Every structure is written in structure tokens, then in C-alpha cells.
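What follows is a set of notes on a single structure, which appears directly below.
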């Protein structure tokens, strides 16, 4: 459980947490890897969400996924890029969250990933929550907490616990 | 300024912040891009530090830097990978930190980057501090702060400030 004051600090910035799908670069599962390579080298993000034609989130794909495929056979084979689809190389086992946000879950998931996809009903892709936005809130909390609150040690808590 | 209690929470885990250079995948500025591509696709990190022969940190290189070079000329030219060096495509304008760590600076820099290189004298590469380790501390703080401390609003602070 996260304490109420700490939670409030995170909730102050909550409206900025969702980077809306309109502003997130994505690929479609039927895009070929030539297109994927172009997008992934140009946007400056190493991994992005993959949606299907119904705009449901179906996976994540990284530049590494694409390049590995290119070198995956015995010989270097760039022609493969035109015939293999994003859906064939993407990572499908992904963790997602829904709104309203649970700060505790977000903080926990972001230890291991740079962003968390947000989905609505029927896995409809809504956007992402990033480490960047959460770390802005952490900076805010770190700087403001003790300016706005008196923080005093409780008497009956043993240090070792 | 970060308050003392918040700072203490971060310092509790400080010994784990430095991932020592022995445990960080790096490339040398004279490695060719063929080698760089192999390393970057295999390690699962999209960007890693570059050192020179004196083990000084000289830059960062990403899979995107390498792939862009391969497609950089008019035509797709994988042969270039054998002749171009990491030092030719790496990012050289990088922010570093030194020990002892300044938590405020670390929190601030990690808003915009996944890891911060740590250097010693003469830019000798010592390791990295990652968002992952800092976010572990954030989780710890979020869960423990109000269990261990009474947090009460100060009386004379106006909300709007």
C-alpha cells in the first residue's frame, strides 16, 4: 500500500500520465519489416506498440526484433524484410494497464519497462504511460514533500522492519 | 533541494545504484559496426557506452545509430558496416556523473535518459546508474514513507505555491 500523501503527489500530475495513442508512434501487425525498420530508426524509440486493423493492442516490436530477423538465417538476408510481417517478430506477452490508473501498479511495472501500454475495452489501444512522466512526478515529490509537510519519525516502528 | 527524509530513502539503496563497468556491455570506439550490430542485437539494450583503449568514456552508441548508417547512403549498403567504426556514429555529447552521488542530479537526469554513465578521474568509465534501480527506490519510498513517518501538512504554506 502506498500512503495517501505520497499518492496525492503522484495524482497531481496524473492527467499528464497518459500519452494518447494519437501521439504514440505505432506499427500495424501486417506492416512488413522494411517499413518497421524505417519507422523504428527514424522515431528515436527502440520499441513501440503494435496494433491490428481494429486498433487493438497486439504486441510490442523493437528495432532489435527486426534486425535479428534480418540476420536470423545463416546468411545476411535483407530481402527477408519485405516478406516478413511485424506480427511475426513482435513480442506478444505484454503487461497492460487500464484507466483509472493504479499508481502502485504503475510504479511497480515501470521498474522493468520503459513504458506501459494502456488499453480500454476489448484491448483497444489508448496510449502509453512512460517512465519519463512518472520520474517528473518523483522529482516533484522529492523537492516538495518536506516543504509542504512535516515529516517526523513514528515512535513505535522498529528500524529493522 | 530534496528534503532529508526523502533523501535518506534514496540513500538506503545507494550501494546498489552503481552497476559496475565489469557488468556493463560496452563497445570500443575502434570496433567496426558489424561487431556493434552483433553486440547490440544480442544484449537486449538499445544503447550502450563506448570507451576508448584507455577505458575512458567517449560516447554512447545505439542500434539506431548503427542501422541508420547502413541505410544512410542512397542504397542499402551492408558492406559499409565492416569499414565504419563505432567512433564515427556514436553520440558524443553526453551527460555524466561522478561519485559520491548527488541524488537530486540523478533524479533530474533520469527524466530524459534510461541510464547515466559514471566516470572517475580523466573520464575513466566506472559504470552506470539506471532508471531501474532508482525506480526500485521510488517503490520503496512510496510503500514505506508513511508507515515509518507521520506526515502532516504544514500550517503556513499556501496551496497555490
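Things to note:
- Flag for residue B:53 being part of a loop (DSSP other than H, G, I, E, B) and under 11 Å from the mean Cα position of the chain (by Cα): no
- With respect to the conditions (1) away from chain A (no Cβ under 13 Å); (2) assigned to a helix (DSSP H, G or I); (3) crowded, with 20+ Cβ neighbours inside 10 Å, residue B:59 lacks only one, and its number is (2).
- Residues (buried (at least 19 other Cβ atoms within 10 Å of the Cβ) and more than 8 Å from chain B (Cβ to nearest Cβ)) located in the range A:27-38: A:27, A:33, A:36
- Looking across the range B:40-49, the residues that are surrounded by fewer than 19 Cβ atoms within 10 Å (Cβ to Cβ) and in a helix (DSSP H, G or I) come down to B:42, B:43.
- Whether a residue is free of Cβ contacts under 8 Å to residues at least 12 places away in the same chain, within 14 Å of chain A (Cβ to nearest Cβ) and over 12 Å from the mean Cα position of the chain (by Cα) was assessed, and residue B:82 does not pass this test.
- Here is the figure for the range A:3-23: residues that are more than 14 Å from chain B (Cβ to nearest Cβ) and exposed (fewer than 15 other Cβ atoms within 10 Å of the Cβ) total 4.
- Odd one out for residue A:52, checked against (1) more than 9 Å from chain B (Cβ to nearest Cβ); (2) surrounded by 15 or more Cβ atoms within 10 Å (Cβ to Cβ); (3) in contact (Cβ under 8 Å) with a residue 60 or more places away in the chain: (3)
- All told, residue B:48 meets the bar of being modelled with pLDDT of 95 or more and on the phi < 0 side of the Ramachandran plot.
- Subset of the range B:131-142 (residues that are in contact with a strand residue (DSSP E or B) (Cβ under 9 Å, 6 or more places away or on another chain) and facing chain A (nearest Cβ under 7 Å)): B:131, B:132
- Condition met for residue B:128 (in contact (Cβ under 8 Å) with a residue 40 or more places away in the chain, buried (at least 21 other Cβ atoms within 10 Å of the Cβ) and either more than 26 Å from residue A:104 (Cβ to Cβ) or more than 9 Å from every other protein chain (Cβ to nearest Cβ) (or both)): yes
- Lone unmet requirement of (1) touching a helix residue (DSSP H, G or I) at 6+ places or on another chain (Cβ under 8 Å); (2) closer than 18 Å to residue B:13 by Cα; (3) at pLDDT below 95 for residue B:131: (3)
- Verdict on residue A:37 being closer than 24 Å to residue B:61 by Cα and modelled with pLDDT under 95: yes
- Sub-6 Å Cβ pairs linking a first residue in the range B:93-117 that is within 11 Å of another protein chain (Cβ to nearest Cβ) to a second residue that is surrounded by fewer than 13 Cβ atoms within 10 Å (Cβ to Cβ), at least 6 apart or interchain, are B:109/B:95, ordered by first then second residue.
- Lone unmet requirement of (1) surrounded by fewer than 13 Cβ atoms within 10 Å (Cβ to Cβ); (2) in contact with a helix residue (DSSP H, G or I) (Cβ under 8 Å, 6 or more places away or on another chain); (3) modelled with pLDDT of 90 or more for residue A:73: (3)
The values are calculated or read from the model by the stated rules, or taken from the named source; none is laboratory data. Everything numeric in this text was worked out from a predicted model, so none of it was measured. Ideal geometry is used to build each Cβ from the backbone, glycine not excepted, and the neighbour counts take in all protein chains shown.
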